[in-house]
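The values are calculated or read from the model by the stated rules, or taken from the named source; none is laboratory data. This is a predicted model, so every value here is computed, not measured. Quick reminder, even Gly has a Cβ in these numbers, built from the backbone with ideal geometry, and neighbours come from all protein chains shown. For the accessible areas, the whole protein counts, side chains as well, though only heavy atoms, and no ligand, DNA or RNA atoms are used. Shrake-Rupley method; radii C 1.70, N 1.55, O 1.52, S 1.80 Å.
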Amino acid sequence: MSALRTGAIIALLSGLSWGALGMIIIGVTFSLVSGEAAIPPVGRAIIAALVGAAVCLATPQSFGERRRLGYSAAAILGVMLILTLGRPFGLPLSAAPLLQFIALILFVLLVAWANVQVLTGVPVGAMLRYPFEAALIRILKGVGLILFTVFVFLPFYVMVMTSFKSQAALLANPLDFSIDLGQGASSLFRSYIDLFRDFNFATYILNSAIVSICTVALTLLVAIPGAYAVARLRFPARDLFAQSVLLIYMVPAIVLVLPLYAVFSQIELRNTLTGLLIVYPATTIPVALYMLQGYFRGLPAEMEEAGLMDGLSRTGVIWKITLPLSLPALASVALYVFMIAWNEFLFAFMFLDDPAIFTLPRGVASLNSSELPRELMMAGAVIATVPIMLIFLWLERFMVQGLAAGAVKG
Amino acid sequence: MSTDSQELDAVRAGSLSEAKGPPKGAGPLQRREARLAYAMLAPTFLIVCLIVLLPLVANFWISVKPVQLGDLRPPETTVSERVRANAVQAGDTFEIRYTIRNSSPRMALSDVSFSDAVPADDVRLAIQDDRCTLGEGVLSCVLGDLEPSARERISIEATAERDIEDVEALLEGSDPNATGSGGNVLTDFSFTFDNFRRVFDATEFWNVMWVSLAYTVFGTAGALILGLFAALLLNEAFKGRAFLRGLFLFPYVAPVIAVAYTWVTLLDPNSGTLNAILLQMRAIETPINFLGQRYAEFSLLGVPISFPVALTTVIAFEAWRYFPLSFLFILARMQSIGTDMYEAAEMDGASPFQQFRFLSLPQLAAILAILFLLRFIWTFNKFDDIFLLTGGAAGTRTLTVNVYEQAIGLSNIGAGAAVAVVVFAVLLTFALIFFKFSPKEEG
């Protein structure tokens with residue numbers, strides 16, 4: 001094993017992974033953005049990247065980063081152009097020339113830069129274990145970050161872009177996500193306009209907002225006193241209660257949905273938002289109670305005792321001392337519950353038949369039909385996603401705390 | 001004297017016994033505190049009982065009852081009235097025919113009766129049917145029991161007292177009032193084990209079971225491993241880390257229906273981006289139907305292998321959607337490990353991989369174990385994801401999807417509830433195993 005521990009191996013791995021990854025990512029991105037059917041020559045890109053890595057390794061370390069980068073980039077560009085006979089993406093240079101030029105430069109710079117980053121301080125010959133592994137980790141981290149980012153990002157990109165295209169255009173060339181900005185806003189946002197005009201999406205947004213906000217309010221109203229009692233008051237079976245709360249939210253929704261469906265059908269609560277407003281809080285109260293009681297326990301009891309001594313009632317203590325101190329926790333819980341209610345699908349799907357009271361997930365589900373074009377469904381998905389994403393980005397700190405505290409559920 | 005001293009003794013005895021030690025049982029203050037606690041917990045308790053525990057029990061009840069989806073609408077008596085005449089002259093006789101029907105195909109009705117207003121000044125009724133009587137301008141008939149889907153006809157001969165232009169409109173203008181009480185299939189005492197027999201007899205039951213297990217195990221492991229990698233990537237500070245951390249949480253925060261449909265679009269064999277990319281890269285020759293193909297047959301070193309395509313895709317989705325949770329937890333744990341340990345390891349010459357293997361991993365073992373258990377149960381419970389991606393087709397039907405398939409797809413609520421009972425039983429088994437093997441001191 002230790003015979004393999006050389007700088008040459010690192011250069012080989014670096015060239016291999018950056019050449020392949022760089023060409024695939026940049027080639028595909030070029031295709032998606034330009035709409036041209038590029039055929040990324042991955043094999044030749046790897047050879048070019050290997051040459052670049054070799055040049056980088058051969059350049060003395062004393063030359064400084066910028067000079068090594070320059071040599072390496074020049075080598076990659078030269079090899080790439082020669083090997084592909086002047087067609088770096090399998091297309092003549094005249095196809096989308098500006099974008100192709102940018103893509104080529106990006107590819108060359110990315111691979112050269114990554115090689116230099118990995119190979120700085122790496123000798124040609126044998127290496128010690130520590131620097132060898134450190135260089136290996138640099139490769140892995142770089143590759144991992146790019147792969148993860150693409151893996152997470154690609155579906156969202158496809159969601160947004162599909163909503164701007166038409167089914168016919170996508171069937172003709174599924175890779176063409178280029179947006180023609182010259183077509184005007186009303187044509188670009190055609191799917192969205194359709195959804196709001198013909199499919200009642202404004203009502204669905206309103207319904208979703210009402211249901212989610214009421215769920216948050218009801219949940220907090222019930223969970224706050226409950227959490228306070230579990231955290232502060234002494235009563236028999238307190239620990240039993242605290243633990244069974246955890247067990248409750250292990251109960252799968254699918255087991256509850258049939259009996260609730262049957263009973264709600266008979267008492268005519270099924271096809272109503274009231275029905276949802278009974279079920280949603282019931283599923284979120286245990287989580288909220290569990291999260292809040294953990295936080296309440298962490299608050300100093302002395303302040304509350306002082307309040308009691310000064311003549312406040314329990315309600316007064318909770319209202320004037322405990323709650324103001326737990327605003328961050330309340331925000332986290334509220335956001336987490338809001339997210340659950342906003343995203344909830346199963347009960348909305350089973351309960352709601354009347355389009356006038358559809359929530360957004362139920363409304364998007366109704367777009368899943370072979371008679372309706374794909375882009376409508378994707379536009380619906382975007383409409384359902386954007387509000388919760390905005391809230392998430394705006395209040396990320398609280399949201400992350402809420403997720404972390406309640407994340408055992410999902 | 002005697003009574004006084006007795007009282008005194010009693011008081012003394014009481015105060016003595018109090019002085020012996022701390023009071024046993026709850027004092028009034030404590031009792032008041034407990035009462036307050038119960039009052040504050042009462043709403044939670046009530047809602048959880050009504051919406052979680054009661055349905056759980058009801059599910060067992062439904063699972064042994066012959067309930068179809070259609071039975072949820074209670075049986076009703078419907079009465080229709082026909083008059084076969086238009087313009088009549090005084091003295092003409094014609095027939096009024098009532099048809100009484102039980103709307104339910106499965107439930108009998110009892111105490112069936114109806115009444116209908118008859119304009120006594122305009123028509124005279126000759127009642128031969130002994131089930132019917134004529135009161136003040138009101139015809140009422142009592143029919144007793146009505147079998148499922150049964151129809152009864154009652155015809156009554158009427159004589160016009162005057163000339164009437166449109167006798168049909170006159171008589172049919174008043175809608176008959178029908179009564180009749182049907183049993184409720186949910187609350188009666190008819191039981192059956194057919195539901196369970198059906199569920200277990202089906203040859204696919206074990207198939208469904210295995211799919212559930214594979215989905216749960218690999219989905220949980222996939223999400224955990226991806227989460228671990230993501231946390232390792234973002235453990236050290238660099239420019240753009242906060243942005244990437246936010247981005248990595250996207251799959252979990254977005255509504256399941258939005259991301260599931262996006263994957264369906266992305267993986268579509270005809271217009272999907274992924275297939276197009278793979279074709280373009282010459283990685284595949286024909287598009288892969290990621291969500292619709294049960295098995296891909298190929299041979300590896302001469303061994304024929306059938307690879308479950310759709311199931312793997314669904315598991316990949318599960319890992320994609322839920323890795324953010326493990327990522328968040330593992331990252332938090334990593335950030336809380338002190339740096340001095342690593343400094344000491346550096347001094348001793350431990351390489352990066354050794355540091356990970358012998359320092360980080362043991363520190364993360366506890367959180368990984370807890371995450372695995374919780375995610376395992378939640379993945380097993382998952383319904384939405386598979387339902388939205390494949391609807392349970394192409395070898396991806398898990399137990400939870402089967403609940404829906406039986407109850408709504410095949411309109412047999414009882415059978416669905418029986419599958420739900422199986423889900424619950426499996427879950428309980430997991431929980432018991434986990435509690436048995438989990439360390440006792442963990443909170």
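Translational D (Stokes-Einstein, µm²/s) of chain A at 10 °C and 1.306 mPa s when Rh comes from the Kirkwood sum over C-alpha pairs?
61 µm²/s
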Which of the peptides A:7-19, B:142-154, B:268-280 is most tightly packed, and how do the rest follow, going by the mean number of other Cβ atoms within 10 Å of each residue?
-> A:7-19, B:268-280, B:142-154
Order of B:249-257, B:322-330 by packing, highest average Cβ count within 10 Å first?
-> B:322-330, B:249-257
Ordered by residue, what ³J(HN,Hα) values in Hz, to whole numbers, does the stretch A:322-331 give under the Karplus form 6.51 cos²θ - 1.76 cosθ + 1.60, where θ = phi - 60° and Gly and Pro are x?
-> 5, 5, x, 6, 9, 3, x, 5, 4, 4
Accessible area buried at the A-B interface, both sides summed, 1.4 Å probe (Å², nearest 100) = 9000 Å²
First check a/c for chain B, with a ≥ b ≥ c the square roots of the eigenvalues of its C-alpha gyration tensor; if it is under 1.5, answer rounded, and if not, answer prolate when a/b is larger than b/c or oblate otherwise.
-> oblate
Shielding of A:384-393 by partner chains, average beta-carbon count, 10 Å = 4
Rounded to the nearest 500, what is chain B's calculated 222 nm mean residue ellipticity when only DSSP H runs of at least 4 contribute -39500 (n - 2.57) each, over all residues?
-> -16000 deg cm²/dmol
For the stretch A:341-407, what is Rg from Cα atoms divided by 2.2 N^0.38 Å, rounded to two decimals?
-> 1.32
For B:G182, enumerate residues with amide H under 5 Å from its amide H, sequence gap 5+ or separate chain, H modeled in the peptide plane.
-> B:S110
Amide H proximity to B:D163 below 5 Å, modelled H, separation 5+ or other chain, gives B:A90
With Rg from the Cα atoms and Rh as the Kirkwood inverse mean 1/r over Cα pairs, the stretch A:191-406 has an Rg/Rh of 1.05
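Taking a ≥ b ≥ c as the square roots of the Cα gyration tensor eigenvalues, with a/c under 1.5 meaning rounded and otherwise prolate when a/b beats b/c, else oblate, which class fits the stretch B:335-443?
prolate
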Take chain A, connect every pair of alpha-carbon atoms lying under 10 Å apart with a spring to form a Gaussian network, then pick out the residue of A:Y290, A:Y192, A:Y71 with the largest mean-square fluctuation.
-> A:Y71
With each run of n ≥ 4 DSSP H residues scored as -39500 (n - 2.57), what mean residue ellipticity at 222 nm is computed for chain A after dividing by its residue count and rounding to the nearest 500 deg cm²/dmol?
-> -24000 deg cm²/dmol
Cα-based helix-to-principal-axis angle, A:201-232 vs chain A, degrees rounded to 10 | 70 degrees
In Å³ and rounded to a whole number, note down the convex hull volume per residue for the Cα atoms of the stretch B:203-411.
-> 179 Å³
Determine the shielding of peptide B:276-285 by partner chains: average, over its residues, the number of Cβ atoms on other chains within 10 angstrom of each Cβ.
-> 5
So the carbon and sulfur contribution to the accessible area of chain B, 1.4 Å probe, in percent, is 60 percent
Heavy-atom accessible surface, probe 1.4 Å, ligands and DNA/RNA ignored: which residues of the stretch B:391-405 lose at least 30 Å² versus the isolated chain?
-> B:V403, B:Y404
If r is the Cβ-Cβ distance from B:T78 to B:S306 and R0 is 60 Å, what FRET efficiency results, to the nearest 0.05?
-> 0.65
Once you've got the GNM for chain B with C-alpha springs shorter than 10 Å, pick whichever of B:Y98, B:Y38, B:Y342 has the biggest mean-square fluctuation.
-> B:Y38
Using θ = phi - 60° and the Karplus form 6.51 cos²θ - 1.76 cosθ + 1.60, what ³J(HN,Hα) does each residue of the stretch A:353-370 get, whole Hz, x for Gly and Pro?
-> 10, 8, x, 5, 10, 4, 8, 4, x, 5, x, 5, 4, 6, 7, 7, 9, 6
For the residue pair A:D198 and A:E305, what label-to-label distance in nm results when each label sits 7 Å from Cα along the Cα-to-beta-carbon direction?
-> 6.9 nm
Quick calc: nm separation of the 7 Å Cα→Cβ label points for B:T429 and B:Q128 -> 6.8 nm
So for R0 = 51 Å, FRET eff. of A:T274-B:E95 from the Cβ-Cβ r, to 0.05, ends up at 0.60
Any idea what angle helix B:204-233 forms with the longest principal axis of chain B, computed on alpha-carbon atoms, 0 to 90 degrees, nearest 10?
-> 40 degrees
Contact order relative to length for the stretch A:2-179, counting C-alpha pairs under 8 Å separated by 6 or more residues, stands in percent at 34 percent
The protein assembly as shown accessible area per residue, 1.4 Å probe, protein heavy atoms, integer Å², reads 47 Å²
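Per-residue mean of other chain beta-carbon atoms within 10 angstrom of the beta-carbon, peptide B:259-269?
Mean shielding count: 6.
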Amide H neighbours of A:A37 under 5 Å, at least 5 residues apart or on other chains, H built in the peptide plane: list them.
-> none
Going highest first, how would you order B:370-381, A:161-172 by mean Cβ packing within 10 Å?
-> B:370-381, A:161-172
Derived scalar couplings ³J(HN,Hα) [the stretch A:270-279; Karplus, 6.51 cos²θ - 1.76 cosθ + 1.60; whole Hz; x for Gly, Pro] | 5, 8, 9, 5, 4, x, 5, 6, 8, 6
Which of B:N207, B:N402, B:N235 fluctuates most in a GNM of chain B (C-alpha springs under 10 Å)? That residue is B:N235
With the dipole of the stretch A:191-406 worked out from charges on the C-beta (+1 for Lys and Arg, -1 for Asp and Glu) around the Cα centre, which of A:G316, A:I210, A:F347 lies farthest toward the positive end?
-> A:G316
In percent, how large is the relative contact order of chain B, given Cα pairs closer than 8 Å and 6 or more residues apart?
-> 18 percent
Relative contact order computed over the stretch A:191-406 (Cα-Cα under 8 Å; 6+ residues apart), in percent = 34 percent
Give the shape of the protein assembly as shown as rounded, prolate or oblate, defined through the alpha-carbon gyration tensor: a ≥ b ≥ c are the square roots of its eigenvalues, a/c under 1.5 means rounded, and otherwise the shape is prolate if a/b is larger than b/c and oblate if not.
-> oblate
